[in-house]
Amino acid sequence: MAFRSYARGTAALALVMAAGTAQAEALKIGLVETLSGPQASTGLLYRDAVLYGISKINEAGGFGGAPIEVLEYDNQGGPVGAADRVRAAIADGADIIIQGSSSAVAGQITEDVRKNNLRNAGDEVLYINLGAEAMELTGSKCHFYHFRMSPNAAIRVNTVLDGMKEAGALGTNVYAINQNYSWGIDVQDNTVAAASALGFEVVEETLHEVNKIQDFAPYVARIQQSGADTVITGNWSNDLLLLMKAASGAGLDARFGTAFLDQPGNIGNAGAVAEGHFVSTPFNAEVNAEASSAFMEDYKSKTGHYPSYVEPAAVFGIQLLGEALAQVEPTEDGVDATALALALEQATVETPMGVVSMRAGDHQASLPMVVQEVTRDAVYKADGTEFGFSPVKVISAQDAEQPLQDSCEMKRPG
Amino acid sequence: MKLGPISLAVVVCLLLAMPWLVSGSFLNAAIQMLIAALFAMAFGLLCGRAGMLSFGHAAYFGVGAFAAVHAMNAFGGEGLLPTPLLPLVGAGTGLVSGLVAGYFSTKRTGVYFAMITLALAELLHALAPHMKAMFGGEAGVSSFRMPAWGFSFGSITEVYFLTLAWTLLSIAALYLFSKTPLGSLALGLRENAHRLRFLGYNTHALGTLIFAVSAMFAGIAGALQSLNIEAANYVVLESHISTAVVLNSFIGGVRVFLGPAIGGAVMTFFGHVTSDLTRVWLLYQGIIFVLVMMFMPRGIVGEIVDRFSAPTRAGILRLLGDICLRLGAVAVAAIGAIFLIEFLQRLLSNEYRANVAAAGWPDITLFSMDWSPLSIQPWGFGLGLMAVGIALVVTINRRLAARKEAEA
């Protein structure tokens, strides 16, 4: 319980420092995350990152002189539970809702927040989306009170292609294999769209069932027949592992460009099969090594593990929120969400990877991406194996940025 | 279950007074309990009354939910379909899809019937992510409850009353249905389908009809859920929704009229309360199901109805005494078990493992006391309470059995 007692300690300290300066009610943040059931592992990572990030803000004095309070809610893994918990969080006085681990849940929360704000004008709440990457969240479903702090399909695909080209690993024949639902289709569309600019040809596109296929050998045979030298896939979990294993088993000579190779357990499970494959994420500890390793060690000292997978981007997102909070005045019951949203659009934060900011047009974070390759030389090893992620190319926030989606029609206040 | 008109009126009055009795968060839970209760009642008609175990009822729930959300967007809560009448869309689509699915699945009985329902539901579940226009993709289809009939439907209270009205109406309709000749034939279908056929009834048509009626009420429940959360997502078609309704109905008691409803409501409430208290609430839910199935195969309500059919006042008093004794003993064992599970959960958590690396084996705070995992106390306390509780249950059961034998 060191982390929790630590958080409590800092809260108490901040309270002592703040005593007498302000009487306003503490700002409450509702963390509506998947904390139980089969999807809990990612939800718990977000929880660690949020608690870490908020404890940092509280260390620096909290908000309005009082420590920020994090209320935890378990969304039970689905939109129905999330709808219930968002209402509970708002009823308990939360001004900000934070969630990240599922696009299905995010789709529900962003709409719930939008409707809540329509019905309760003057008493709005903010939704900080730490990791739901579905394109429509900053497209047709975008609205003024939703902010996405993670990359999306377009950013992931374009940066990984860019980095692979730089490393000389991007061939001329690219095979796109993805899961047949909105995420996989987004990845496929972005791969096809990038073809002419980067000078490759998409030899074949495949969409397959999600998490149902046990044997990818037939798919790998098609990849072999197509003569592809590069495979781009947005697959995650088993669909990625089994695909890579089948490819290695069949002796397929192609590099993989992926979106979620760094999910905990993947490298441990795939082992040497993953070597030489690529992934593009918002953080790598070998970039800007001094600042990065300080962050790594500090995170580990408070949560017990190095930040991995979704955690660094989530921490950066909370830091950006902290910057915005520093620019607004506390109100009677916490914070004015509209003022905070306007401040978030202006906020920037210096992370070990570079400057992170928020794009006002669709509230998609603009963040640097690191393309990395699985090698044996990496300083930080993954899952206790001899492999880790070595950076290949750092892509600045400006270069990683992707055009606004036409479907986003954001109604701004006033 | 024989519910006197007085107790029925009391329950309805309590439900009507709910918004003034409980907080907003619990009112939310109450809406979901009502929806779960109606869904379980729909399932209970098919499984309990007609003896057809469906493993795919999420399909009809989901069809109703999506139909309602699309109707909400199409009509904007005006004209032919004002907001309060939207569940009718769920009922209509549920009925039609139930007729089609029922036609195929009721051609077989028993395990084969269950397999067909499961297959049809999985078919829809697998199709849904591919049809973005219909099912909205990963982020789902959302909608907005529009004002109608002088209500804004912006507040939870109004949604609660809307849900309550539809649930009570539907349960009343289900009760009346069970009194019709068709309802009685459903019983015949369960008890002896062959004899029914020899008597000249078309059992396939009968099964299809009952299936469709059950799907219709599942559709109403789905539509109410769409109204409540103002959205529908294809995760509603997942198989765990189908299993949840089976579990809920059996825990409540699938063969007594209100059993499924009470099972659904109780288990939804259980999830609402425990999921914020402990991360292993799904484990407790599973344990409850296993225990109920092992020791109360007729379900909670089934068991109560069965026990309280004893007519005399003295008999009822003695029964209450026995039940209190048993509950007390079970509670002792439960506290021990909960202590052990929670202790283990904390011991195995990431946070604790991080501390072990840093500071050895620190104490764990549980039930506002500090316990060292290296000492015998926490293990002795948990296991001891469990052992004492189980021993008490066994002794009480033996005594009561001996008394019964002596009286017989």
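The values are calculated or read from the model by the stated rules, or taken from the named source; none is laboratory data. Since this is a predicted model, take the numbers as computed values, not measurements. Cβ atoms come from the backbone with ideal geometry, glycine included; neighbour counts cover every protein chain shown. Surface areas here come from the heavy atoms of the whole protein model, side chains and all, with no ligands, DNA or RNA. Shrake-Rupley method; radii C 1.70, N 1.55, O 1.52, S 1.80 Å.
For segment B:278-289, state whether one or more residues are away from chain A (no Cβ under 14 Å), surrounded by fewer than 16 Cβ atoms within 10 Å (Cβ to Cβ) and either over 13 Å from the mean Cα position of the chain (by Cα) or not polar (S, T, N, Q) (or both). If you could, list the steps in order and put the result at the bottom.
The initial filter retains those residues of segment B:278-289 that are away from chain A (no Cβ under 14 Å), namely B:287-289.
Within this subset, residues satisfying the condition of being surrounded by fewer than 16 Cβ atoms within 10 Å (Cβ to Cβ) are B:287.
Of the ones still in play, those that are also either over 13 Å from the mean Cα position of the chain (by Cα) or not polar (S, T, N, Q) (or both) are B:287.
Scanning segment B:278-289 turns up at least one residue that is away from chain A (no Cβ under 14 Å), surrounded by fewer than 16 Cβ atoms within 10 Å (Cβ to Cβ) and either over 13 Å from the mean Cα position of the chain (by Cα) or not polar (S, T, N, Q) (or both).
Looking at segment A:387-414, which of its residues are open to solvent by 60 Å² or more (accessible area, probe 1.4 Å) and within 24 Å of A:D189 (Cβ to Cβ)?
Passing the criteria: A:Q398, A:D399, A:E401, A:P403, A:L404, A:D406, A:E409.
Exactly one of (1) open to solvent by less than 70 Å² (accessible area, probe 1.4 Å); (2) assigned by TED's automatic domain parsing to the domain that holds B:L383; (3) over 22 Å from B:L392 (Cβ atoms); (4) of a type in the set (G, A, S) is unmet by B:A314. Its number?
(1)
Go over the candidates B:L400, B:L383, B:L366, B:L392 one by one and state the one that is within 34 Å of the chain's Cα centre (by Cα) and under 30 Å from A:Y306 (Cβ atoms).
Details: B:L400 fails: under 30 Å from A:Y306 (Cβ atoms); B:L383 fails: under 30 Å from A:Y306 (Cβ atoms); B:L392 fails: under 30 Å from A:Y306 (Cβ atoms).
Being within 34 Å of the chain's Cα centre (by Cα) and under 30 Å from A:Y306 (Cβ atoms) holds for just one of B:L400, B:L383, B:L366, B:L392, which is B:L366.
So B:G98 ticks every box in (1) buried (at least 23 other Cβ atoms within 10 Å of the Cβ); (2) modelled with pLDDT under 90; (3) not hydrophobic (A, V, I, L, M, F, W, C) but one. Which box is left unticked?
For B:G98, the exception is condition (2).
In segment A:292-344, which residues are farther than 21 Å from A:N129 by Cα and either in contact with a strand residue (DSSP E or B) (Cβ under 7 Å, 6 or more places away or on another chain) or not assigned by TED's automatic domain parsing to the domain that holds A:S101 (or both)?
A:P330
So B:G48 ticks every box in (1) farther than 19 Å from B:G154 by Cα; (2) modelled with pLDDT under 85; (3) part of a helix (DSSP H, G or I) but one. Which box is left unticked?
(2)
So, of the residues in segment B:131-160 that are open to solvent by 10 Å² or more (accessible area, probe 1.4 Å) and touching a strand residue (DSSP E or B) at 6+ places or on another chain (Cβ under 9 Å), which turns out to be nearest to the other protein chains (Cβ to nearest Cβ)?
For segment B:131-160, the residue satisfying everything is B:S142.
Residue check: is B:A333 surrounded by 15 or more Cβ atoms within 10 Å (Cβ to Cβ), modelled with pLDDT of 85 or more and touching a Gly at 6+ places or on another chain (Cβ under 6 Å)? Quick ask: steps written out before the conclusion?
On the way: surrounded by 15 or more Cβ atoms within 10 Å (Cβ to Cβ): yes; modelled with pLDDT of 85 or more: yes; touching a Gly at 6+ places or on another chain (Cβ under 6 Å): yes.
Considered against the rule, which asks whether it is surrounded by 15 or more Cβ atoms within 10 Å (Cβ to Cβ), modelled with pLDDT of 85 or more and touching a Gly at 6+ places or on another chain (Cβ under 6 Å), B:A333 comes out as yes.
Scanning segment B:347-370 for residues that are surrounded by 14 or more Cβ atoms within 10 Å (Cβ to Cβ) and acidic (D, E), which turns out farthest from the other protein chains (Cβ to nearest Cβ)?
Among residues in segment B:347-370 that are surrounded by 14 or more Cβ atoms within 10 Å (Cβ to Cβ) and acidic (D, E), the one farthest from the other protein chains (Cβ to nearest Cβ) is B:D363.
With respect to B:S23, determine if the residue is open to solvent by 10 Å² or more (accessible area, probe 1.4 Å) and more than 12 Å from every other protein chain (Cβ to nearest Cβ). Reasoning before the result, please.
On the way: open to solvent by 10 Å² or more (accessible area, probe 1.4 Å): yes; more than 12 Å from every other protein chain (Cβ to nearest Cβ): no.
The answer is no for B:S23.
Can you tell me how many residues within segment B:190-203 are in contact (Cβ under 8 Å) with a residue 12 or more places away in the chain and either closer than 21 Å to B:V89 by Cβ or open to solvent by less than 50 Å² (accessible area, probe 1.4 Å) (or both)? Give the steps one after another, and end with the answer.
Here is the first cut: in segment B:190-203, the residues in contact (Cβ under 8 Å) with a residue 12 or more places away in the chain are B:190-191, B:193, B:201, B:203.
Now restrict to residues that are either closer than 21 Å to B:V89 by Cβ or open to solvent by less than 50 Å² (accessible area, probe 1.4 Å) (or both): B:193, B:203.
Within segment B:190-203, residues that are in contact (Cβ under 8 Å) with a residue 12 or more places away in the chain and either closer than 21 Å to B:V89 by Cβ or open to solvent by less than 50 Å² (accessible area, probe 1.4 Å) (or both) number 2.
What strands (runs of 3 or more DSSP E) lie completely within segment A:204-282 and have 2 or more residues being within 27 Å of A:P151 (Cα to Cα), within 14 Å of chain B (Cβ to nearest Cβ) and open to solvent by less than 40 Å² (accessible area, probe 1.4 Å)?
Values: elements: A:230-233, A:255-258, A:278-281.
Counting at least 2 such residues, we get no strands (runs of 3 or more DSSP E) at all.
Exactly one of (1) within 14 Å of chain A (Cβ to nearest Cβ); (2) modelled with pLDDT of 90 or more; (3) open to solvent by less than 10 Å² (accessible area, probe 1.4 Å) is unmet by B:S214. Its number?
Here B:S214 clears every test but (1).
Hey, among B:T180, B:T167, which residue is among the β-branched types (V, I, T) and either within 14 Å of another protein chain (Cβ to nearest Cβ) or in contact (Cβ under 8 Å) with a residue 12 or more places away in the chain (or both)?
Details: B:T180 fails: either within 14 Å of another protein chain (Cβ to nearest Cβ) or in contact (Cβ under 8 Å) with a residue 12 or more places away in the chain (or both).
Being among the β-branched types (V, I, T) and either within 14 Å of another protein chain (Cβ to nearest Cβ) or in contact (Cβ under 8 Å) with a residue 12 or more places away in the chain (or both) holds for just one of B:T180, B:T167, which is B:T167.
Could you list all residues from segment A:34-71 that are open to solvent by less than 10 Å² (accessible area, probe 1.4 Å), under 14 Å from the mean Cα position of the chain (by Cα) and among the hydrophobic types (A, V, I, L, M, F, W, C)?
A:A49, A:V50
Give segment B:218-239 a look and list any residue that's closer than 20 Å to A:A106 by Cβ and not small (G, A, S), or say none.
Initially, segment B:218-239 is screened for residues closer than 20 Å to A:A106 by Cβ, giving B:225-226, B:228-238.
B:Q225, B:N228, B:I229, B:E230, B:N233, B:Y234, B:V235, B:V236, B:L237, B:E238 - these are the residues of segment B:218-239 that are closer than 20 Å to A:A106 by Cβ and not small (G, A, S).
Would you check which residues across segment A:154-179 are outside any helix (DSSP H, G or I), of a type outside the set (A, V, I, L, M, F, W, C) and open to solvent by 30 Å² or more (accessible area, probe 1.4 Å) and list them?
Initial filter on segment A:154-179 (outside any helix (DSSP H, G or I)): A:167-179.
Narrowing the set further to residues that are of a type outside the set (A, V, I, L, M, F, W, C) leaves A:168, A:171-173, A:175, A:178-179.
Across segment A:154-179, the qualifying residues are A:G168, A:T172, A:N173.
Are any residues in segment B:101-130 within 13 Å of chain A (Cβ to nearest Cβ), open to solvent by 70 Å² or more (accessible area, probe 1.4 Å) and either modelled with pLDDT of 85 or more or in contact with a helix residue (DSSP H, G or I) (Cβ under 9 Å, 6 or more places away or on another chain) (or both), and if so, which ones?
Going through segment B:101-130, the residues within 13 Å of chain A (Cβ to nearest Cβ) turn out to be B:122-123, B:125-130.
Now narrow it down to the ones that are open to solvent by 70 Å² or more (accessible area, probe 1.4 Å): B:123, B:127, B:130.
Within segment B:101-130, B:L123, B:L127 meet the criteria.
Working carefully through the options A:V379, A:V371, A:V356, find the one that is open to solvent by less than 50 Å² (accessible area, probe 1.4 Å), in contact with a strand residue (DSSP E or B) (Cβ under 8 Å, 6 or more places away or on another chain), over 22 Å from A:H143 (Cα atoms) and among the aliphatic types (A, V, I, L, M). Break it down into steps so the answer makes sense when it comes.
Details: A:V379 fails: open to solvent by less than 50 Å² (accessible area, probe 1.4 Å); A:V356 fails: over 22 Å from A:H143 (Cα atoms).
When all the criteria are applied, what remains is A:V371.
Is at least one residue of segment A:128-137 modelled with pLDDT of 90 or more, more than 14 Å from chain B (Cβ to nearest Cβ) and either over 16 Å from A:A314 (Cα atoms) or crowded, with 21+ Cβ neighbours inside 10 Å (or both)?
Checked segment A:128-137: at least one residue is modelled with pLDDT of 90 or more, more than 14 Å from chain B (Cβ to nearest Cβ) and either over 16 Å from A:A314 (Cα atoms) or crowded, with 21+ Cβ neighbours inside 10 Å (or both).
Being farther than 28 Å from B:F61 by Cβ and within 11 Å of chain B (Cβ to nearest Cβ) is true for just one of A:N120, A:N75. Which residue is that?
Values: A:N75 fails: farther than 28 Å from B:F61 by Cβ.
Being farther than 28 Å from B:F61 by Cβ and within 11 Å of chain B (Cβ to nearest Cβ) holds for just one of A:N120, A:N75, which is A:N120.
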